[in-house]
Amino acid sequence: MRIVSGIQPTGNLHLGNYLGAIRNWVRMQDEVAESGGECFFFLADLHAISMPHDPAELTANTREMAAALLACGVDPARSVLFNQAQVPAHAELQWLLNGTARMGWLNRMTQFKDKSGKNREGASVALFTYPVLQAADVLLYQATHVPVGDDQKQHLELARDIAQKFNNDFCPPNGDGTEKLVFTLPEPFIPPEAARIMSLRDGTAKMSKSDPSDMSRINLADSADEVMKKVKKAKTDPEPLPSDAAGLESRPEAKNLVAIYGALTGQSVADVLTRYGGQGFGTFKPALGEVLVETLRPISERFVELRKDVCEIDRILATGASKARDAAAETLAATYRALGLLR
Ligand code: TYM
């Protein structure tokens with residue numbers, strides 16, 4: 001197994017990132033290490049320049065996000081942890097795949113539509129071709145599994161389409177009927193219990209770093225008081241919790257809080273409702289706040305310590321990048337060869 005995934009170093013690591021993706025990175029790292037597989041986790045700093053950004057902030061955020069991942073349990077002794085900018089093969093492979101990706105495929109990407117909004121003409125070219133870079137990120141390492149939240153599913157499907165078309169177009173059968181394909185088709189791994197954690201202010205919008213209201217998300221570095229305050233102020237409705245999951249269907253905010261409680265405690269929605277069904281948010285919210293504070297406490301304590309040691313973070317990223325460059329070399333060379341490019 002080859003596990004590959006990335007996160008943009010913009011803003012804080014929040015609960016959606018943690019439950020949707022990072023917690024699974026750590027779980028997979030632990031499982032894969034035992035079975036001889038490998039994990040590659042990276043800061044997608046090249047993706048971050050697709051939106052307007054401040055260079056000094058990007059540098060600081062890259063280090064902060066690295067510290068946050070380490071605090072969550074990503075272990076550089078068992079996983080390769082790096083930032084894209086130190087591994088030029090990502091940008092190189094993107095260019096090579098630009099010949100295979102189709103305009104029509106990219107035109108269908110919902111994230112581009114969401115992020116460019118009404119200002120499509122003013123959006124950067126990087127925002128449009130962003131999913132091709134994301135395909136390069138995983139194909140470069142022959143990823144078999146990509147742990148992500150539900151919002152990245154479409155990008156992963158595009159990566160598979162690009163890999164399939166490239167293999168079809170440029171990997172002809174050998175004389176003996178066998179063929180040596182350049183790319184492995186990656187599978188997304190999306191946690192069913194936390195595929196899409198929603199905003200605390202609006203149960204129909206996903207929890208996101210780009211939401212202007214900090215009250216909409218729980219950041220992994222929030223203090224216990226902030227977490228409690230955010231949970232208590234979370235939008236809800238006046239009804240008590242229902243006794244079964246069907247009763248949550250038209251209540252997106254209640255559904256989200258119950259899902260978060262379940263994901264944090266390892267309980268199904270039905271179990272959570274067996275315990276809290278019939279009770280109001282005056283009881284449920286403090287219970288949820290407690291669980292959150294207890295889950296986040298060790299992570300934020302480690303984060304506060306790790307972020308102080310910039311030299312150590314830079315050393316870890318440099319070591320990871322060196323391993324990633326080695327791991328990427330073969331696939332990159334095979335791609336050049338398949339395209340008939342002399343090097
Ligand atoms: P990013 O930085 O927006 O998010 C990082 C990871 O967190 C997940 N996530 C969520 N999961 C559940 N609920 C939410 N509210 C929520 N918000 C975010 C995302 O699905 C993601 O797994 N384009 C990617 C970064 C990337 C990447 C890659 C990922 C670049 N190259 C290659 C996988 C493989 C992004 O912007 O994620």
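The values are calculated or read from the model by the stated rules, or taken from the named source; none is laboratory data. Predicted model only: the values in this text are computed from it and were never measured. Glycine gets a Cβ as well: all are built from the backbone with ideal geometry, and neighbour counts include every protein chain shown. Surface areas here come from the heavy atoms of the whole protein model, side chains and all, with no ligands, DNA or RNA. Shrake-Rupley method; radii C 1.70, N 1.55, O 1.52, S 1.80 Å.
Pro131 falls short on exactly one of the conditions (1) in a helix (DSSP H, G or I); (2) surrounded by fewer than 16 Cβ atoms within 10 Å (Cβ to Cβ), and that condition is (2).
A single member of Gly282, Gly247, Gly278 is at positive phi and either in a helix (DSSP H, G or I) or surrounded by fewer than 21 Cβ atoms within 10 Å (Cβ to Cβ) (or both), and it is Gly278. Scanning the stretch 135-167 for residues that are without any contact (Cβ under 8 Å) to a residue 40 or more places away in the chain and more than 9 Å from the ligand (Cβ to nearest atom), we see that the one that is farthest from Ile197 (Cα to Cα) is Asn167. Scanning for something part of a helix (DSSP H, G or I) and within 21 Å of Pro9 (Cβ to Cβ), does the stretch 95-108 turn up at least one residue? No - not one qualifying residue is present in the stretch 95-108. Screening Pro188 with (1) part of a helix (DSSP H, G or I); (2) open to solvent by 40 Å² or more (accessible area, probe 1.4 Å); (3) within 13 Å of the ligand (Cβ to nearest atom) gives one miss only, at (1).
Here Leu273 passes the criteria (1) more than 24 Å from the chain's Cα centre (by Cα); (2) loosely packed, with under 14 Cβ neighbours inside 10 Å except the one numbered (2). Within the stretch 204-216, the set of residues being touching a residue at least 24 places away in the same chain (Cβ under 8 Å) and either more than 8 Å from the ligand (Cβ to nearest atom) or of a type in the set (Gly, Ala, Ser) (or both) comprises Thr204, Ser208, Ser210.
Quick check on Ala159: is it open to solvent by less than 40 Å² (accessible area, probe 1.4 Å), touching a Pro at 6+ places or on another chain (Cβ under 7 Å) and not in a loop (DSSP other than H, G, I, E, B)? For Ala159, the condition - open to solvent by less than 40 Å² (accessible area, probe 1.4 Å), touching a Pro at 6+ places or on another chain (Cβ under 7 Å) and not in a loop (DSSP other than H, G, I, E, B) - is met. Residue pairs whose Cβ atoms lie under 9 Å apart, sitting 6 or more positions apart in sequence or on different chains, and linking a residue in the stretch 44-69 that is not assigned by TED's automatic domain parsing to the domain that holds Glu92 to a partner that is open to solvent by 70 Å² or more (accessible area, probe 1.4 Å) and at pLDDT 95 or above, do not occur here. Please determine, by comparing only the residues of the stretch 18-35 that are in contact with a helix residue (DSSP H, G or I) (Cβ under 9 Å, 6 or more places away or on another chain) and under 20 Å from Gln84 (Cα atoms), which one is nearest to the ligand (Cβ to nearest atom). Top of the filtered list is Ala21.
Of the residues examined, Leu220 is one that is within 15 Å of the ligand (Cβ to nearest atom), in contact with a Phe, Trp or Tyr (Cβ under 9 Å, 6 or more places away or on another chain) and not assigned by TED's automatic domain parsing to the domain that holds Met28. For the stretch 1-12, the set of residues classified as more than 7 Å from the ligand (Cβ to nearest atom) and modelled with pLDDT of 95 or more consists of Arg2, Ile3, Pro9, listed by residue number. When the test is whether a residue is among the aliphatic types (A, V, I, L, M), out of contact with any Phe, Trp or Tyr (no Cβ under 9 Å at 6 or more places or on another chain), over 24 Å from Ile22 (Cα atoms) and not in a helix (DSSP H, G or I), Leu332 does not pass it.
A quick yes/no check of all residues on (1) assigned by TED's automatic domain parsing to the domain that holds Asp169; (2) more than 26 Å from Ala321 (Cβ to Cβ); (3) under 22 Å from the mean Cα position of the chain (by Cα):
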residue: Gly73; (1), (2), (3): yes, no, yes
residue: Val80; (1), (2), (3): yes, no, yes
residue: Gln84; (1), (2), (3): yes, no, yes
residue: Val87; (1), (2), (3): yes, no, yes
residue: Ala91; (1), (2), (3): yes, no, yes
residue: Trp95; (1), (2), (3): yes, no, no
residue: Gly104; (1), (2), (3): yes, yes, no
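The criterion of being part of a helix (DSSP H, G or I), closer than 22 Å to Leu139 by Cα and either among the charged types (D, E, K, R) or in the same structural domain as Ala321 (by TED's automatic domain parsing) (or both) holds for Val26. For first residues located in the stretch 192-203 and of a type in the set (D, E, K, R), partners that are near the ligand (Cβ under 8 Å from one of its atoms) and assigned to a helix (DSSP H, G or I) and lie 6+ apart or on another chain with Cβ distances below 9 Å form the pairs Glu193/Leu19; Arg196/Gly16; Arg196/Gly20; Arg196/Asp150; Arg196/Asp151. Of everything listed in (1) surrounded by fewer than 17 Cβ atoms within 10 Å (Cβ to Cβ); (2) farther than 26 Å from Met109 by Cα; (3) within 16 Å of the ligand (Cβ to nearest atom), the single unmet condition for Pro173 is (3).
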